[in-house]
1. Taking L85, is it surrounded by fewer than 19 Cβ atoms within 10 Å (Cβ to Cβ), under 21 Å from L177 (Cα atoms) and free of Cβ contacts under 8 Å to residues at least 40 places away in the same chain?
2. Taking A127 as the residue in question, decide whether it is open to solvent by less than 10 Å² (accessible area, probe 1.4 Å) and at pLDDT below 85.
3. Out of the residues in segment 291-322 meeting the condition of being in a strand (DSSP E or B) and acidic (D, E), tell me which one is modelled with the highest pLDDT.
4. Could you tell me whether G102 is surrounded by fewer than 21 Cβ atoms within 10 Å (Cβ to Cβ), on the phi > 0 side of the Ramachandran plot and modelled with pLDDT of 80 or more?
5. Out of all the residues in segment 151-175, which are open to solvent by 70 Å² or more (accessible area, probe 1.4 Å) and over 28 Å from the mean Cα position of the chain (by Cα)?
6. State whether one or more residues within segment 130-141 are within 28 Å of Y350 (Cα to Cα), at pLDDT 85 or above and under 28 Å from the mean Cα position of the chain (by Cα).
7. For R410, are the conditions met, namely being modelled with pLDDT under 90 and either of a type in the set (A, V, I, L, M, F, W, C) or under 22 Å from F49 (Cβ atoms) (or both)?
8. Identify, please: which residue in segment 1-33 is in contact with an Asp or Glu (Cβ under 7 Å, 6 or more places away or on another chain) and more than 22 Å from Y147 (Cα to Cα) and is, among those, modelled with the lowest pLDDT?
Amino acid sequence: MSNLIQRVQNILMTPKTEWPVIAGEAETTGSLYTKYILIVSALGPIAMFLKGTLIGTTVPFVGTFRMGMGAGLSMAVLQYVLGLLGIFLFALVINALAPTFGGQKDSVQSLKAAAYGATAAWVGGLAQIIPWIGWIVGLAMAIYSIYVLYLGLPHTMKSPVEKSAGYTAVSIIVAILLYWIIMAVVANIAARGMFGPTGLPSIATSSGSFEKGSGGAALEEWAKNMEKAGKAVEESAKANNGAPSGAAIGALVGAAVAGGKGVDALSTDDIKAYLPETLGGLPRTSTSAARNNAMGFQVAEAKADYSDGAGKDLRLEINDTGGAKGILALASWANVEEQKEWQGGYEKTYRADGRIVHERWDSASGNGEFSLIVGDRFSVEVSGKAGSIDELKSALTSGVNIGGLETVAREAKPAS
């Protein structure tokens, strides 16, 4: 893991001196994916999930919009898979254009150019969680990636320095055009409900270790699961003339998204059992529950409305990420914190007692929301009209069996 972090720092801070080192390293397509691409390219999808489902997007004069857990997971996995496809496509373009610009074709070197050149853009994907200016930071990092690629092509593809600008520009333009075509095809397939879970995970090795229970330890454990699954894919490919089995690929996806082998989400009856009959002194007026697959990973949700019939209303939502619980586990090391205020209200995301907590309150309307991530698996939120944010906090912590959910998360057995 330390080697990976050092490589990211070097390619971002000192690309001119790092490219010759990269070009001289003996690598394979598989090692580049498992040791670098599959890890660093996951940063953007993770940030997108955190922003879309936990932090939310503020719409002026309207409020904060958050995706459902299932939709957020689907989009994160889809972005991850398409990102892997995109970097593979970019490498093919770079390799195909090499002779045109006086370079030498080499599939491994072209993948190096594509992957390490994209590092700044991948890291910039984390900026999605920064309010207001996140898109500017992300755009700046994407532009910087073009410069890094420009510096790297003469070393990896042996092209003349004076032709590097044209080589870079044409490669990017061709790759964008081809990627748009693929995106259009994928969108059409997805619209027909035929797009299934595919993708490759990532690995990294470390000579040291992080303190138990720390964010680094969570990331390290994730990387170990990825490494184990990655080796299984390589062995499967060797045994099947270069084509890994579907089971091996499935295990890789599980390692990336489920943090190893996922668990079955609670049944609709079981998750509904966590909806109390009363919440904050209000009687329950309606309930609903569902369990389904998000990009092939099982998730469940339960909702209940509570009302006194005189204008005081609350809604409780419980989401079980089940088979995709690894994304919430990874969120635990991201240490996302955000706070913003306006006249008569505020919104903030922070950590308390080892949990990610989000709260929002608007005194003018008397509306707010309070949510917790429980056991790196469950998202629990109460929202609605109340006298204060403290009433919402009390309704959730005293009305919902949080301890029971933590026990379920701790004692869950891997899905069969």
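1. Numbers: surrounded by fewer than 19 Cβ atoms within 10 Å (Cβ to Cβ): yes; under 21 Å from L177 (Cα atoms): yes; free of Cβ contacts under 8 Å to residues at least 40 places away in the same chain: no.
In short, no.
2. Numbers: open to solvent by less than 10 Å² (accessible area, probe 1.4 Å): yes; at pLDDT below 85: yes.
So A127 passes the test.
3. Start the filter on segment 291-322 by keeping residues that are in a strand (DSSP E or B), which leaves 291-294, 297-307, 313-320.
Going one step further and asking which of them are acidic (D, E), we end up with 301, 305, 313, 317, 320.
Numbers: E301: 87, D305: 95, D313: 91, E317: 92, D320: 86.
My answer is D305.
4. yes
5. Initial filter on segment 151-175 (open to solvent by 70 Å² or more (accessible area, probe 1.4 Å)): 158, 161-163, 173.
Selection gives K158, V161, E162, K163.
6. Taking segment 130-141 as the starting set, the residues that turn out to be within 28 Å of Y350 (Cα to Cα) are 130-141.
Next, only the ones that are at pLDDT 85 or above stay: 140-141.
Subsequent filtering for residues that are under 28 Å from the mean Cα position of the chain (by Cα) retains 140-141.
The answer is yes, given that some residue of segment 130-141 is within 28 Å of Y350 (Cα to Cα), at pLDDT 85 or above and under 28 Å from the mean Cα position of the chain (by Cα).
7. Working: modelled with pLDDT under 90: yes; either of a type in the set (A, V, I, L, M, F, W, C) or under 22 Å from F49 (Cβ atoms) (or both): no.
No.
8. Within segment 1-33, the subset in contact with an Asp or Glu (Cβ under 7 Å, 6 or more places away or on another chain) is 1, 10-11, 30.
Then keep just the ones that are more than 22 Å from Y147 (Cα to Cα); that gives 1, 30.
Values: M1: 58, G30: 82.
Ranking the qualifying residues of segment 1-33, first place goes to M1.
The values are calculated or read from the model by the stated rules, or taken from the named source; none is laboratory data. Since we're looking at a predicted model, the values are computed, not measured. Cβ sites come from the backbone with ideal geometry, for glycine too, and all protein chains shown count toward neighbours. The accessibility values were calculated without ligands, DNA or RNA, using every heavy atom of the protein model including side chains. Shrake-Rupley method; radii C 1.70, N 1.55, O 1.52, S 1.80 Å.
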